[in-house]
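S.K.: Sharing a structure with you now.
The values are calculated or read from the model by the stated rules, or taken from the named source; none is laboratory data. Here the structure is a predicted model, which means the values were calculated and not measured. Here the Cβ positions follow ideal geometry from the backbone for every residue, glycine too, while neighbour counts run over all protein chains shown.
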Amino acid sequence: MSGSPGQVVSEVGKRLAQPRLGKDALVKLLKQAESALSELSQSSSLHDALRPLSKSLVQNTLLSHKDKDVRLLVAVCFIEVMRILAPDPPFTDEIFKEIFRLFISEFSRLADIGSPYLTRRMKILENVAALRCSVIMVDTGCQDLVLDMAKIFFSAAKQGLQQCVHQAMLSIMTQILNEKVTQPLLDVIFRNLVKEDKGGAHKLAVDIIQNCAEKLEHIVRIFLTSCILSKDAPVNEHRKLHHKIILEIFQCAPQMLFAVIPCLTHELLSDQVDIRLEAVHLIGKLLVFSNLRFGQENQILFTEFLKRFSDKSAEVRIAAIDAAKACYIAASSGNVAQKVLKSLEGRLLDFDDKVRIRAVYAVCDLAKSNLSSFPSELILQAAERLRDKKISVRKNVMHKLVELYRDYCEKCSKGTAAINTHYEQIPAKLIVLCFDKDCESFRPHNMGLIFAEELFPSPLSPKERAMHWVEFFSYFKSQHVKALHAIFSQKRRLQLELQAYLSLRAKKEESSDEIQKKICASLRKMSASFTDISKVEDCFEILHQMKDNNIFKDLTEISKEGTTFATVRSIRVILVWSF
């Protein structure tokens, strides 16, 4: 079609007014209009030239055409007309609503990045942002369309978007919020802000909040304060998630929470355990995310948080311990960190055994995380729980201290830790458990296994093991030596009994009832050195029936007094493989 762009647009507008045009004719005409419109700059003098096209475009047959290709081209032509005739496009409020509905329909397909129409859809989006069409949407009362558009933006963002598309969406949402903030729209933003998947939708929500922090602050404050203070307010999904919302906003626009944070004291003082529990979880995370600055900046709230370490609910006290562990890992220096650690220390003497166990675990884990800076004297306080009145506490503390000492030895071997007098006192604390008659796990045989198999990392050389033995043996008093003697005495009895058994077995050619009785008695004596006597006795019976003489040769070698530690370990590997 010849003529200037304005003439082409005018002519196309007239032809589009013809009745019963087929799809092919419509597509051809609309593409001609699209091409000509793209050559026109913004000018109010083009009203007359664009009038025929504007009138044709608003026909219901085009606005709601069933063919998606036609609808897309109609949308492109609409946005071009709006661009050229801005700020006064010739459409009524009702027509604008239909136009926006058409635009939003196209936005829903923005996630289809493989579509040949993506460029046109992006052009519509970018022009809607540039022309501030969203302001018209708000002014014409299209709040339902605004919500639909916001949901579509987040849905598309979830699939991943080009940066220019993300920026256009962000610009549109910012314009809308600067005009009018509504709770339903805020709910849509919150829903995407607290998503577990921190993808494109979450990023869009974060960027919107950062862009509109000042505008949103008032309504966000009212909403969050209501969630915290109003027990009787209607509960919706976002009221249940207000802690997550606070946590997310704290990370992207903390200034919005200036008036909200002090209200959290109300939750810490609640008479409902679950509310106090969730408040402790939240404040612990706020402390961690701020590297404990939060405690310095909100001292009244932080003081109340520390009181939760002595809360009447054991569940809350355990939550406080977990929070303390995370806090100290995040930042181990400063006044706040020391107060947190002091509160944790107090729970080592808690009246609830589960809390005491959790406190010991936290202390040991913190020591492992940073051996050089953690106050090692606190380890000895944790080790005192080996004398706890509850067997469950003593067992848990034993295993945790063994784990810690093993980690300490490994770090010493690697050169990342130095010999520490407090850590070297752990074995002395452990060995006296041999005198505990209430628990099978503390019998001399089991403690001997712990010292032989669990106390040191398996790759640790005999020389390094000996070095640590020399170190911790220097802390042994008479009771520790007595316990060690009990372990060695039992080992010696087992060794001698094994030698006796092997000697009897070697006389099988001289089989007699008397020798068989002696063998059975020997197996029973060896079994008595173990915790599960009946099970071990069955295992010894199976061993006795085995025909592989190499196994018994290896056992003979192990039971000799002069066999080296290295030889015993290598034979053990062979025996385990054989069985």
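S.K.: Consider only pairs whose beta carbons are under 7 Å apart and that are at least six residues apart or on different chains; among these, list those whose first residue lies in region 32-52 and is among the aromatic types (Phe, Trp, Tyr) and whose second residue is buried (at least 18 other Cβ atoms within 10 Å of the Cβ) and not in a helix (DSSP H, G or I).
M.R.: none
S.K.: Answer yes if at least one residue in region 508-518 is part of a helix (DSSP H, G or I), of a type in the set (Gly, Ala, Ser) and out of contact with any Gly (no Cβ under 8 Å at 6 or more places or on another chain), and no otherwise.
M.R.: no
S.K.: Can you tell me how many residues in region 188-199 are surrounded by fewer than 16 Cβ atoms within 10 Å (Cβ to Cβ) and either on the phi > 0 side of the Ramachandran plot or touching a residue at least 12 places away in the same chain (Cβ under 8 Å) (or both)?
M.R.: Result for region 188-199: 2.
S.K.: Hey, another quick one. From the set of residues in region 433-488 that are in contact with a helix residue (DSSP H, G or I) (Cβ under 9 Å, 6 or more places away or on another chain) and of a type in the set (Lys, Arg), which is farthest from Met526 (Cα to Cα)?
M.R.: So the residue we want is Lys477.
S.K.: Of everything in region 542-579, what is within 18 Å of Arg505 (Cβ to Cβ) and assigned to a loop (DSSP other than H, G, I, E, B)? Give them in sequence order.
M.R.: Met546, Lys547, Asp548, Lys560, Phe579 - these are the residues of region 542-579 that are within 18 Å of Arg505 (Cβ to Cβ) and assigned to a loop (DSSP other than H, G, I, E, B).
S.K.: Same structure, new question: Kindly indicate whether Leu386 is crowded, with 19+ Cβ neighbours inside 10 Å and either polar (S, T, N, Q) or over 30 Å from Gly415 (Cβ atoms) (or both).
M.R.: It is false that Leu386 is crowded, with 19+ Cβ neighbours inside 10 Å and either polar (S, T, N, Q) or over 30 Å from Gly415 (Cβ atoms) (or both).
S.K.: What residue, of His202, His218, His243, His166, is surrounded by fewer than 16 Cβ atoms within 10 Å (Cβ to Cβ) and assigned to a helix (DSSP H, G or I)?
M.R.: Result: His218 is the single residue among His202, His218, His243, His166 that is surrounded by fewer than 16 Cβ atoms within 10 Å (Cβ to Cβ) and assigned to a helix (DSSP H, G or I).
S.K.: OK, next. Could you please tell me which pairs satisfy a Cβ distance under 8 Å, a separation of 6+ or placement on different chains, a first residue in region 332-343 that is on the phi > 0 side of the Ramachandran plot, and a second residue that is part of a helix (DSSP H, G or I) and not aromatic (Phe, Trp, Tyr)?
M.R.: These pairs meet every condition: Gly334/Gln296.
S.K.: Being modelled with pLDDT of 95 or more and within 23 Å of Lys482 (Cβ to Cβ) is the filter here, so list the residues in region 398-421 that pass it.
M.R.: Result: Met398, Leu401, Val402, Tyr405.
S.K.: Which count do you get for residues in region 78-95 that are farther than 17 Å from Ala130 by Cβ and touching a residue at least 40 places away in the same chain (Cβ under 8 Å)?
M.R.: So the count comes out to 2.
S.K.: Please verify whether region 81-90 includes one or more residues that are within 20 Å of Ala49 (Cα to Cα) and exposed (fewer than 14 other Cβ atoms within 10 Å of the Cβ).
M.R.: Yes, there is a match, as at least one residue in region 81-90 is within 20 Å of Ala49 (Cα to Cα) and exposed (fewer than 14 other Cβ atoms within 10 Å of the Cβ).
S.K.: Please pick out the residue among Lys55, Lys23 that is surrounded by fewer than 19 Cβ atoms within 10 Å (Cβ to Cβ), within 54 Å of the chain's Cα centre (by Cα) and farther than 18 Å from Ala86 by Cβ.
M.R.: Lys23
S.K.: What's the number of the condition Ile208 fails, among (1) in a helix (DSSP H, G or I); (2) free of Cβ contacts under 8 Å to residues at least 12 places away in the same chain; (3) touching a helix residue (DSSP H, G or I) at 6+ places or on another chain (Cβ under 6 Å)?
M.R.: Among (1) in a helix (DSSP H, G or I); (2) free of Cβ contacts under 8 Å to residues at least 12 places away in the same chain; (3) touching a helix residue (DSSP H, G or I) at 6+ places or on another chain (Cβ under 6 Å), Ile208 violates only (2).
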